[in-house]
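K.L.:
Quick one: the structure is below, questions incoming.
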Amino acid sequence: MHASPIRLANPGFWRRSIDEFKRQATIAVRMEGLHRPNKPFPMMTFDHADSIERCKVMSDNDMGGFSKASLAWNDAHIGSGGQDSILEGTDGDQPAHALFKGSISNELPPNKPSIQRSGYAAFRTRDRGVSLFGKLLWDIDPYSFLSLRINSDGRKYFINIQTESIVPTDLHQHLLPSFTPGQWETVTIPFSAFVRTNYGLVVEPQKEMLRQKVRSVGVGLIDRVPGPFELRVAGIWATNSAGERRGENGFEVDEDEEEGGRGLMDEVEPRRKKGEPERILI
């Protein structure tokens, strides 16, 4: 008998393993698990052209529909408005970012009678692969909020967070607020305000998000309103900074906020009154 040859892993595997070792070593040296982190935790930053390769674009076109979607990288100070842009007021300085754009169509594929609904587009971060330490997942449990730097056209986008849960098709979703469409802004949402869904439907029981094992984060457009869309995203990060307060029509973060508040999800599904039976959002 002789020993089996050891198969060498590809360079990406070792690079991911080294990066994960550095990350865990930094946490141990700084004893970050013993106190509340003050610095934000970057989940996705579109600061270079290769960054969009870490994302996957999806639409009903994958199943024969007619919606179109793309994700392109724009350098800082480049791509601010123009004839091919439906955004207004984007002139001037802007950060490097990903441009998520396309058009929504509700037209159903004629040769697929099993498809009854159409009209969506989305993108999410790809799975991060594996390392010597196992599957690479984000641990954002020490953080209370999710922040995004965006420039929106004002349409109703949703933020999607997928965790390593028992039901792989579950998503935690929240309406992506935009207070100044056509201008750059930072929006912040508490993780406690996200709602557990499956294929677009709110499911019960509403379990707390498994923030120790986050697989991906992304943005989707599911309003099924035909026409063009355009959303610019510079970065997505977890944070313990609540952000600035907003008025009654916007998202308002308040330390004295009533426990169980769901932020902008109350605009989609009004909060139940006392004694009122539970309803399922469709």
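K.L.:
Decide, for segment 103-157, between rounded, prolate and oblate: order the square roots of the alpha carbon gyration tensor eigenvalues as a ≥ b ≥ c, take rounded if a/c falls under 1.5, and otherwise choose prolate if a/b is larger than b/c, else oblate.
P.N.:
Details: a/c = 3.52, a/b = 1.61, b/c = 2.19.
It comes out oblate by the Cα gyration axes.
K.L.:
Under the classification rounded if a/c is under 1.5, otherwise prolate if a/b is larger than b/c and oblate if not, where does segment 138-253 fall, given a ≥ b ≥ c as square roots of the Cα gyration tensor eigenvalues?
P.N.:
Taking the square roots of the gyration eigenvalues as a ≥ b ≥ c, segment 138-253 is oblate.
K.L.:
Also, quick follow-up: Order these by the 10 Å Cβ neighbour count, fewest first: SER70, SER144, SER114, SER152.
P.N.:
Least crowded to most crowded, the residues run SER114, SER70, SER144, SER152.
K.L.:
When a footprinting reagent is the concern and you count Cβ atoms within 10 Å, what order do ILE52, ILE166, ILE222 take, fewest first?
P.N.:
ILE166, ILE222, ILE52
K.L.:
Turning to a different aspect of this structure: Based on the mean of other Cβ atoms within 10 Å per residue, sort peptides 58-64, 209-215, 189-195 so the most packed one is first.
P.N.:
Going by the mean number of other Cβ atoms within 10 Å, highest first, we get 189-195, 209-215, 58-64.
K.L.:
Can you list residues from other chains, or at least 5 along the same chain, whose modelled amide H is less than 5 Å from the amide H of TYR157?
P.N.:
LEU176
K.L.:
Would you tally the net charge around MET44, using a Cβ to Cβ cut-off of less than 15 Å, leaving MET44 out, and scoring K and R as +1, D and E as -1?
P.N.:
Computed value for this residue: +4.
K.L.:
Further question: Could you list HIS48, HIS97 in order of exposure, starting from the residue whose Cβ has the fewest other Cβ atoms within 10 Å?
P.N.:
Ranked by crowding around the Cβ, least crowded first: HIS48, HIS97.
K.L.:
Tell me which residues come under 5 Å, amide H to amide H, from CYS55 once H is placed; ignore anything under 5 positions away on its chain.
P.N.:
Those qualifying (amide H under 5 Å, at least 5 residues apart or on another chain) are ARG126.
K.L.:
Dipole size in debye (nearest 20) for segment 93-199 around its Cα centre, Lys and Arg Cβ +1, Asp and Glu Cβ -1?
P.N.:
Here segment 93-199 has a charge dipole of around 320 debye.
K.L.:
Quote to one decimal, in nm, the extra length available between ASP47 and ASP93 on full extension: 0.36 nm per residue of separation minus the C-alpha distance between them.
P.N.:
Between ASP47 and ASP93, full extension yields an extra 15.1 nm.
Taken together, the values in this text are just the output of simple stated rules run on the coordinates, not laboratory data. Because the structure is predicted, anything quoted here is derived from the model rather than measured. All Cβ positions, glycine included, derive from the backbone under ideal geometry; neighbour counts span all protein chains shown.
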